[in-house]
Ligand code: DX5
Ligand code: ZN
């Protein structure tokens, strides 16, 4: 199984995003956290910044929307050319319709679950998605500790994906590091967001490659 590393620029120098993205050329995607101070108690960046960043990098953009009213906003990120758009199950009114719209606009469609939101209610609709994001911290801030309590849900999600026979990626986000990535990979994750681990490393690009190697072994 291919393992993908998606550095989160939330933990980078946000006044210098284009250069921060250029520091991690080995990345499979760049993870872009959008927060609205309503769905989560923090505020980051939105559409105009993604639009600008798109002009500075060829690396695919993986947008993670931690916002209310995902149904209205998510398609606009797909229209900007974001390769993957993730909305939260807890925030979308019509997740199937929204996933289909994202795909129609040419983006991969992804759905995120907070650490305590179960996957089972969504078992019948996971084929509408290209990726399921299982949060391994409460969304809102970088630099938190990986929640081992999510590992059983990763395993159950991998089993549900296997039964579909489709290639649906399972992404984990929060507290991913050299110490935790092995456990997440063993449980069945294959896409790894890493903010602090990458951007606090002396050599961020070497860390991207090290994390990928640790996920494979
Ligand atoms: C948290 C964000 C994450 C965060 C990850 O709500 O969704 O993407 O930036 O940061 P680390 O890797 O430091 O936990
Ligand atoms: Zn994120």
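Bear in mind that the values in this text are calculations on the coordinates, not laboratory data. None of the values given here were measured: they were computed from a predicted structure. Quick reminder, even Gly has a Cβ in these numbers, built from the backbone with ideal geometry, and neighbours come from all protein chains shown.
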*Check residue 39 against each of (1) more than 19 Å from residue 144 (Cβ to Cβ); (2) outside any strand (DSSP E or B); (3) touching a strand residue (DSSP E or B) at 6+ places or on another chain (Cβ under 7 Å) and name the one condition it does not meet.*
(1)
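Residues are listed down the side, and each one gets a yes or a no for (1) away from ligand 2 (no atom under 11 Å from the Cβ); (2) closer than 14 Å to residue 95 by Cβ:
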| site | (1), (2) |
| --- | --- |
| 118 | yes, no |
| 123 | yes, yes |
| 140 | no, no |
| 143 | yes, no |
| 154 | yes, no |
*Within the group 21, 49, which residue is within 16 Å of ligand 1 (Cβ to nearest atom), in a helix (DSSP H, G or I), farther than 17 Å from residue 76 by Cβ and touching a residue at least 12 places away in the same chain (Cβ under 8 Å)?*
21
*Return the residue satisfying two criteria in turn: it lies in the stretch 26-38 and is farther than 11 Å from residue 5 by Cα and within 18 Å of the chain's Cα centre (by Cα), and of such residues it is nearest to ligand 2 (Cβ to nearest atom).*
33
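Mind listing whichever residues of the stretch 180-202 are free of Cβ contacts under 8 Å to residues at least 24 places away in the same chain, away from ligand 2 (no atom under 16 Å from the Cβ) and touching a helix residue (DSSP H, G or I) at 6+ places or on another chain (Cβ under 9 Å)?
186, 201
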*Can you name the number of the only condition in (1) surrounded by 14 or more Cβ atoms within 10 Å (Cβ to Cβ); (2) within 11 Å of ligand 1 (Cβ to nearest atom) that residue 201 fails?*
(2)
